[in-house]
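Colleague: Sharing a structure with you now.
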């Protein structure tokens, strides 16, 4: 039975039309190359004329029909060679069969089919074979069986010899095609091999390679979707084959990631978001196969980890690109809506949120264009600010006298007579006489203030001062410090800028106000000339052109406002909004104009900044870039400075120094060029002060560096480094050959202002000031009150010092040699005898005893192990009691801090620490002390040292110092998260009472006179009863207690906020609240009928007593 018979059956059943059947019959009619029914059925399936199930049904029916009735066979029916229908080319006249790209061998050309003489053989029709009624009628009944047996034996022999050779040839040919990537031909060969030799040992290999070849046809030609479509069809048919682990899995480890990566690559190249997303979804489908351990097991996956990692990174990147694009489109829509509602701030907030998530979009043209539209809208939102501010002509009434302790050493610079030097130090402006370093006056302006004072017209004249504590701008006389005028701005503001006869003040909320330097045109000095309100916040002041007509004010983000000021009788108006594109808060210093070019520094990233160079093209407006921006390493935190008329100096926090030559008239070249770069390599965040004059430059941050500037040669040469590791905290001043500098010495807490030789850096004079006192001043036998600075300098507090307001010559210096002394607490033994201690890391102590004949104030090392001082030492009789975190409690002699007697040593484990709290003194021989672990001890002083008398374990943490009164000891505890105040009977430590508190303790407990005081973090001061319960409570108005004194039946409490509260100790009734005007930092004390209260920086504030 042949393919022609099968074709005839298909026509008879109507599966194929007559025209289709006729054309197929002509193609397969060559008797030398017959085709089997199975091959013809497969071809029709591949062409879509039959599905697989239909083909199987028709073949089964055909075979049954052949078995039920004998069919006449042609000789060709016994030939096994299969004709390849895949190469047959049929046109439209072929009834719908098109050209077929098949790996099978081509058919014999139509003209070659026939008998060789050009004539076609007649087709053998279907006919029933004649049935013989007599089995003996045929002569073949004898010959036939014999012949069949002989032929069968011959066939078996030939099959054994010839067929094995044919299988090897087919498989070799298939392998050759596969290796040469001719996968279509290989598939045909493998398929034929598997069909003809199903029992061959290599049939599993053939099936696996055939399946892999089908996938590779599309994967190797980058037809990723077709390759993906084949995976669910092919892989289930081969994954259980014997050859799959060795042959299929290594191939899949290469193919599957490549398919997934192909989708990612196409998605990356696609400009359309939806297409990107569709391709990523297909990649996700491919990754299901990649992640299947049956296809790529762990042993193989390790070898391609790098590929898979990159694939996932690329996938995430494209996914983020899609998200970025969608969010960009959404942001643009919302920005347009905001502009329509004239909500420009909201539009910029949308832009800021987008850039915070996707900084790369900063240069996106669509976003830039939208931002420019916002800027145009924003110009219409700049409105006049007529909320006029008024000036006051003098200091506020009732300001208290204050005493500044400033120790001065060194000589006198007679050639600098009359020169004065202002500087902001720790919240106060000081004026120094350059001649000898004396402090002329001090004005507290708030620790919030960061703006250095500005000379109004010329050095030595009036000063402009910013007071951020009170939100005021002041003009004061330089030498006296007297106020010329003061103007309340009413909110935080940026450093003021002097422009002509006005002062420009930019506020955080977005106001730009012009104040009159002097009275003019009916406007009082310091009064508001005019102002505008911008639609966004401001973080720095404006730049002004030389005439003061045009102002260039950076906004918080994105925009630069061009304002025209004109004269004092013309209203400030916005002429242009230039889109600069900076992110929020990235401009830290004001712009500057040099040679008509506007320089704006933007801190673009955490490690670089951008110098924008703009040029007005239309008389102050029409800003355009003069050249490409210049990138700097690090951020610019200190204002840019001019060095000569054409040189701009810029310095970054990372130590890069750039000098730029500016020539706005240059033709054919960029107007700004780098003159002398230098990189000091400083840590990020370094704020540097610098000064350049007369070919030299001084830079102060952590140490002082000096440079030689050679403009003509374009060089900046480092010439020296001084004061290593000392922190410079204020600008320099050059007065002749004297350089005035401000620094904090290594190991000291004082600020040092000194004049040094500008060339040799040799010190000419030095003044030390502005650090907390070393404890409460003490009183000597004759009633003299003595205050100690943090370096141990002794100042007598008397009427002369109070009247002078400044002390610069101490009665005795702590040391003339040691520069790193720090003392912060004193133990007062009475009669002028004091022992001073520093922080735990400082071992030096200062003993003061007026009765000593040789040295009344020796400096020694205490016997407390370095770095272990557990609490500020306290007086116990005629000794100082101190504790070490290593465990022991010491008695120290009152002059040199040497240990005496046997210390008390609790049980301490190896490598453990004891975190003592300051003890409560019961009498001159006993005390109670505890640690943070909740251990409580009563210790007594004996002849040979200290010994324990009682002990208790509280089970809670002790978190405050202790205080004692009337046989009870008080301290703060925390049980879980609940704060409380515990009272303990000193005679029986097991007897305790705990009183819950509304908040944690931040002051005390302190025994003050007959009272025990406790301050809590909710801003309340409590007076305690004998059992520890609060007797009274008073609010402290926003501050916390830092000191207290009971005097003449009145309790005085000093607060961190700058208040002194006067109240009755028995019931807490507040009698008076006095505003001192600056943060306080210690216990009040009485001297000469006055109440003196130490400020946080050691200044003494003088209050009258009733």
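The values are calculated or read from the model by the stated rules, or taken from the named source; none is laboratory data. What you see is a predicted model, and the numbers here were worked out from it, not measured in a lab. No Cβ is skipped: glycine too gets one built from the backbone with ideal geometry, and neighbour counts run over all protein chains shown.
Colleague: Within the stretch 193-222, restricting attention to residues that are surrounded by 14 or more Cβ atoms within 10 Å (Cβ to Cβ) and part of a loop (DSSP other than H, G, I, E, B), which residue is farthest from the chain's Cα centre (by Cα)?
Modeller: Among those residues, the one meeting the criterion is 197.
Colleague: Just checking, which of 185, 266, 225, 274 is closer than 30 Å to residue 324 by Cα and crowded, with 19+ Cβ neighbours inside 10 Å?
Modeller: Going through 185, 266, 225, 274 in turn, the sole match is 266.
Colleague: So, in the stretch 1026-1038, of the ones that are touching a residue at least 24 places away in the same chain (Cβ under 8 Å) and closer than 19 Å to residue 1081 by Cα, which residue ends up surrounded by the fewest Cβ atoms within 10 Å (Cβ to Cβ)?
Modeller: Restricting to residues being touching a residue at least 24 places away in the same chain (Cβ under 8 Å) and closer than 19 Å to residue 1081 by Cα, the top hit is 1037.
Colleague: Suppose we filter 427, 398 for residues that are on the phi > 0 side of the Ramachandran plot and at pLDDT 95 or above; which single one remains?
Modeller: Within the list 427, 398, the selection yields 427.
Residue-wise test of (1) farther than 16 Å from residue 409 by Cβ; (2) assigned to a strand (DSSP E or B).
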| position | (1), (2) |
| --- | --- |
| 720 | yes, yes |
| 724 | yes, yes |
| 739 | yes, yes |
| 760 | yes, no |
| 768 | no, yes |
| 786 | yes, yes |
| 791 | no, no |
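Colleague: In the stretch 247-254, is there at least one residue being surrounded by fewer than 20 Cβ atoms within 10 Å (Cβ to Cβ) and either more than 24 Å from residue 187 (Cα to Cα) or within 42 Å of the chain's Cα centre (by Cα) (or both)?
Modeller: Yes, that holds for at least one residue.
Colleague: Residues that are modelled with pLDDT of 90 or more and in contact with a helix residue (DSSP H, G or I) (Cβ under 9 Å, 6 or more places away or on another chain): which strands (runs of 3 or more DSSP E) entirely in the stretch 534-623 hold 2 or more of them?
Modeller: In the stretch 534-623, 559-564, 573-579 are the strands (runs of 3 or more DSSP E) which contain 2 or more residues that are modelled with pLDDT of 90 or more and in contact with a helix residue (DSSP H, G or I) (Cβ under 9 Å, 6 or more places away or on another chain).
Colleague: Something else: Could you say whether any residue in the stretch 969-988 is under 20 Å from residue 1063 (Cβ atoms) and either surrounded by fewer than 17 Cβ atoms within 10 Å (Cβ to Cβ) or without any contact (Cβ under 8 Å) to a residue 24 or more places away in the chain (or both)?
Modeller: Among the residues of the stretch 969-988, not one is under 20 Å from residue 1063 (Cβ atoms) and either surrounded by fewer than 17 Cβ atoms within 10 Å (Cβ to Cβ) or without any contact (Cβ under 8 Å) to a residue 24 or more places away in the chain (or both), which makes the answer no.
Colleague: With a cut-off of at least 3 residues that are within 26 Å of residue 870 (Cα to Cα), name the strands (runs of 3 or more DSSP E) lying wholly within the stretch 947-1032.
Modeller: Per the criteria, 963-965, 968-975, 978-985, 988-996, 1001-1008, 1011-1016.
Colleague: Another question about this same structure. Examine the stretch 1078-1085 for a residue that is assigned to a strand (DSSP E or B), closer than 26 Å to residue 750 by Cβ and either in contact with a helix residue (DSSP H, G or I) (Cβ under 6 Å, 6 or more places away or on another chain) or free of Cβ contacts under 8 Å to residues at least 40 places away in the same chain (or both), and state whether such a residue exists.
Modeller: Yes: the stretch 1078-1085 contains one or more residues that are assigned to a strand (DSSP E or B), closer than 26 Å to residue 750 by Cβ and either in contact with a helix residue (DSSP H, G or I) (Cβ under 6 Å, 6 or more places away or on another chain) or free of Cβ contacts under 8 Å to residues at least 40 places away in the same chain (or both).
Colleague: Next question. Which one of these is closer than 28 Å to residue 921 by Cβ and surrounded by 18 or more Cβ atoms within 10 Å (Cβ to Cβ): 1059, 1091, 1010?
Modeller: 1091 is the lone residue from the list that is closer than 28 Å to residue 921 by Cβ and surrounded by 18 or more Cβ atoms within 10 Å (Cβ to Cβ).
Colleague: For the stretch 498-532, how many residues are assigned to a strand (DSSP E or B) and under 32 Å from the mean Cα position of the chain (by Cα)?
Modeller: 5
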